[in-house]
Every structure is written in structure tokens, then in C-alpha cells.
1. Working carefully through the options ALA456, ALA433, find the one that is closer than 23 Å to VAL276 by Cβ and not in a strand (DSSP E or B).
2. Within region 11-28, does at least one residue satisfy the condition of being out of contact with any Lys or Arg (no Cβ under 8 Å at 6 or more places or on another chain), polar (S, T, N, Q) and at pLDDT 95 or above?
3. Let me confirm something: among GLY173, GLY273, which residue is under 30 Å from VAL388 (Cβ atoms), surrounded by fewer than 18 Cβ atoms within 10 Å (Cβ to Cβ) and not hydroxyl-bearing (Ser, Thr, Tyr)?
4. For region 416-433, how many residues meet the condition of being in contact with a Phe, Trp or Tyr (Cβ under 9 Å, 6 or more places away or on another chain) and buried (at least 22 other Cβ atoms within 10 Å of the Cβ)?
5. In region 73-89, which residues are part of a loop (DSSP other than H, G, I, E, B) and under 19 Å from the mean Cα position of the chain (by Cα)?
6. When both residues are 6+ apart or on different chains and their Cβ atoms are under 6 Å apart, which pairs have a first residue that lies in region 448-474 and is closer than 27 Å to PHE196 by Cα, and a second that is buried (at least 19 other Cβ atoms within 10 Å of the Cβ) and of a type in the set (Ser, Thr, Tyr)?
7. Restricting attention to region 21-45, report how many residues are part of a helix (DSSP H, G or I), in contact (Cβ under 8 Å) with a residue 40 or more places away in the chain and among the β-branched types (Val, Ile, Thr).
8. With (1) in contact (Cβ under 8 Å) with a residue 60 or more places away in the chain; (2) surrounded by 15 or more Cβ atoms within 10 Å (Cβ to Cβ); (3) under 26 Å from LEU210 (Cα atoms) as the list, and GLN376 as the residue in question, which single condition is left unmet?
Amino acid sequence: MSELWERDAYDLADAVRAGDLAASEVLEVFLDRINRLDGRLNSICDIDAASARMQAERIDAMIARGEDPGVFAGVPMGIKELAAVDGMSYTHGSSLYAGELADHDCAEVSRLRAAGAVIVAKTTSPEFGSINWTRTNVHGTTNNPWDVARTPGGSSGGSAAAVAAGLFPICSGSDGGGSIRIPSSYSGLFGYKMTFGLSGSAPEGFDTSLTAVPGPMCRSVRDAARYVDAIAGPTNHDPTSLAKPASFEPALLTGEPMKNLRGKRVAWSASLGHAVCDPEVASVTKLAALALCADVGFELVDVDVQIPNPARAWGILSGLDMAAYYGQRAEGRFDELTPVVRAGMAYTQRATPNDVLRSLRRRGEMLLAVGELFDQIDYLLTPTTATVAFSAGGPPPTVIGGQDVGGMGSVPFTAPFNISGQPAVSIPVDCSADGLPIGLQVVGRRHDDVGVLACAAIVESNRPWAKFAPYAHS
């Protein structure tokens, strides 16, 4: 029988709701693991055990009264540092905000609390979520529990490391260019980026680059579906937010979405027409893609996948959004910023209207290319990342497969689908020769979140993945 800490979030919540486990009992198990194991990972930047114990006690009292606390009853969670939790660290991973605390809960956290989650800690993120590894001037370097010399990825790196090490059953993340899927691939987790707009933001306002979504860092498809069911829905603050969709978890439990995949048309690409992928990663993920096609009954079609390189357009649009929210605080303090953020802020100050127009045109070209591709197919399969996890302190590799790459060269497969707003998942499929996780990405049409989750559920059932890094058992 598995240890309590090895159980999925949905399993723990259902046991608490049924009275088989106490929320306080569950919490103490995870607090002990955090105290013993996070020292080498540095995945947590703030913790409030006293508040967490009070939350757990309230949930136990509700259960005793015969009340249902919600679908995440008593589940301890870490929240990514970029999301606001009332009274907890809110530095945005930046020394510009060192020591600052949030004075409110964001919409995501409010909805998680309403679902019974016990908010325990804040997890580390790179400065403003700007890079695909997790190292900051304010919190230091976060390490991967599969190999503490490697990065767990970014920008949801602290959440990824914590979940892979069994410090939490589930944590929050966010994905504006791959920041859920990339650390999921590097850390052996299941990663799910929802259709853009499914979860409205508040009170901070919406992401002006129109790329970022909140979401879970977790180990199971059912946990991911339950998480998005809990946080989905519009807010009055966010004009991009969409009506709450039908619940995903109940749909998956019927098995119908999995049956409906048979005969769907899929394409495979390890380049998108412009990217370079490590040969081992390409080989492992292609084999996994072929296995998925066989398990599902997909029709694998020969389509020339050509999507324009998003790096420049994504970089400028995301940089402008970053400058809009943080630029005023950074004025006169560029020397305190991490190198990538400093360069991005400096660029936005000298960018011309024509630079912005070129970025908007490139986004339009990308949307056209992606739209035409998905006129021919239902799902696209790719590697999630071009390499396995690199050095914990960065930077990412600039040579892959003997070819020079730059910019987003180590993570070329995720950002295009932030720009297009499509749902995408990263599924753990194998490890490299040196024991590092590799992820397969499945991308679906906008609003086909159930379809991409169903693909992952089939892999999870037929070809189960290791849910924990070896470090979790130390």
C-alpha cells in the first residue's frame, strides 16, 4: 500500500470528504516532508504552517458537522510565487519587491480555498516568470529532485520540484510560453495548459500579451482536470475570460472522451518547421507518439508542419506586458534585475512602433499557419522540450544536436500554442540514458481540453509513468 504522501490530490480529498482521513493528519505528513527534504531543492520561498493548521482544523470541523468543504478538501497546496496569497510573499521572484506581502487572494487562490484546499506555502519562480529555469536574486536557485545539479525548469519550477519530490500532492503553476509544460517535462510530471481564457483573472487584470493561463503542477490527469474544474470561469476584471465550461473530471470518468478519439487525424513534428531537437529526445518522443496512436486508434497523417518561429513576436509582446506591470518599479534600478529581465526591460524602452507592428504581424502569421494546420488535423504531437533538464543555474544550451540555437532554442515547442491559445499537455513518457525525464506534448484545437486530457488519460492507463523523482524516497 502506498504512503499517504504518495496519494494523488483527488484521492486525498475524497478520503477527507468521506471522513476516512483528517485534513490535519494529511497536513502534518506534508509539513514533515517539507522540513526534511526541501533544503536541497529550495522549492519553497515562504511557508505559513500556523495558518495551514488553522485551515485544516476548519475543514475537519466542517466534516464533523456533516458539511462538504469541496473537491480539494484538506489537500495541502503550494502556490506559485507570481500568484497573490493574502499575507504571504509576493516578490514576483524579484529583489525589486523583496519582503513584500500580498494583501489579497487572486481569483485562482480564492477559488481553490472555496474548493477546500489548504494553502501552505509559496513556491519559487524566476523573476516575473521570465525564463525557463528557476534562479533569482531574491530566492536563489531551485534544483530538480531527479538530479539536484539540474533545473526543474521554469517558470513554475518551484512547484514542479515540490510535486516531483512529494512535498505536495499538487501545486499551482502558470503558463505564458510553456511555464507549466516545460517544468513538467523536466521534472517528470503531467502538465496541462488550458485553453486561453477558461480561468479569468482578478483583481490584477488580464495578461495583455494574451498568452498566459493559470493551471496545476501535478502527477495525474484526474488531478489536473479537477483543478481546472475548480478554478475555471469568468471574472468581472478580465474581458478575455470565457464562460465556465462543462466539468472535465466527470466527463473523463465516463470514458467517452477516450472512445471519441478513435479515427481522429494527428500529425507528428519534432521541428515545427524551424526548431532543432536533441536526437535522443526526438527518438523517445516519436516512439511514444506512435504508441499513443496505436493505443487510441489515431490516423497518423503526413502533413508538412510549418509554424513560423515565435521567438521575436512572443518576446516583444511578453516583454511589453512585463514592462506594463513592473516597468515603473524598475525605473533607475535595472542593475538589480536578473540578466534576461534587464535586457527585456531595456529593449522595451527602445522598441519602436514598427517593432511592435512587426510582432503583431508575426502573431497574425502564426495564427494563420496554426489555423490552416488544424484545418487538416485534430491533434499535433511534438516533444515538449528540445532537451532534457540542463544545469540548475542555467543558462540553457545554445547548441543542440550539433547546431547552434538561440533565444528559445531549448524550448521551441510550447510558445506557439500560447500565442494561439490552444490547450496542450505534456505527458511523461520515458527517461534519457542519464535518467532525466522526457515529455511528449499533445496539442488540440481551442476548447478541446477534454480531448487532450483524454489522450493523456490513455497513456496514464496503458503506459503509466513514474510519479515521483527518486529523491522523493530519500
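1. Exactly one of ALA456, ALA433 is closer than 23 Å to VAL276 by Cβ and not in a strand (DSSP E or B), namely ALA433.
2. No, because not a single residue in region 11-28 is out of contact with any Lys or Arg (no Cβ under 8 Å at 6 or more places or on another chain), polar (S, T, N, Q) and at pLDDT 95 or above.
3. Going through GLY173, GLY273 in turn, just one is under 30 Å from VAL388 (Cβ atoms), surrounded by fewer than 18 Cβ atoms within 10 Å (Cβ to Cβ) and not hydroxyl-bearing (Ser, Thr, Tyr): GLY273.
4. 12
5. Within region 73-89, VAL75, GLU81, LEU82, ALA83, ALA84, VAL85 qualify.
6. If the second residue must be buried (at least 19 other Cβ atoms within 10 Å of the Cβ) and of a type in the set (Ser, Thr, Tyr), the pairs left are ASP449/THR195.
7. Number of matching residues: 2.
8. Of everything listed in (1) in contact (Cβ under 8 Å) with a residue 60 or more places away in the chain; (2) surrounded by 15 or more Cβ atoms within 10 Å (Cβ to Cβ); (3) under 26 Å from LEU210 (Cα atoms), GLN376 misses just condition (2).
The values are calculated or read from the model by the stated rules, or taken from the named source; none is laboratory data. It should be emphasised that the depicted structure is a prediction, and the values quoted were computed from it without experimental measurement. Cβ coordinates were reconstructed from backbone atoms using ideal geometry, including for glycine residues, and neighbour counts include every protein chain displayed.
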